[in-house]
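What follows is calculated from the coordinates using simple rules that are stated; it is not laboratory data. From a predicted model like this one, the values you see are computed outputs, not experimental measurements. For neighbour counting, all protein chains shown are included, and Cβ atoms are generated from backbone atoms with ideal geometry for every residue, glycine included.
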């Protein structure tokens, strides 16, 4: 899997279900924009008549993210 951030390259797919060149984007609980982004994604799945199980899972995840105690703006690692 291809991460947008080089510091996330250490996050792997042990089952090998994600192709090596497939882009992957990760939102962390501390990202102050993550819960809103997840809700928007769930809405898009819903209006596209997508799987309601995915909608529910994403909205449940948004609640967990929202409850995460530390919030901050996203940042990038400092490049040498």
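Just want the ordering: 2, 79, from fewest to most Cβ atoms lying within 10 Å of their own Cβ.
79, 2
May I have the pair-distance distribution P(r) for the chain, computed from all Cα-Cα distances with 10 Å bins from 0 and rounded to whole percent?
Reading upward from the zero bin: 17, 34, 42, 7, 0.
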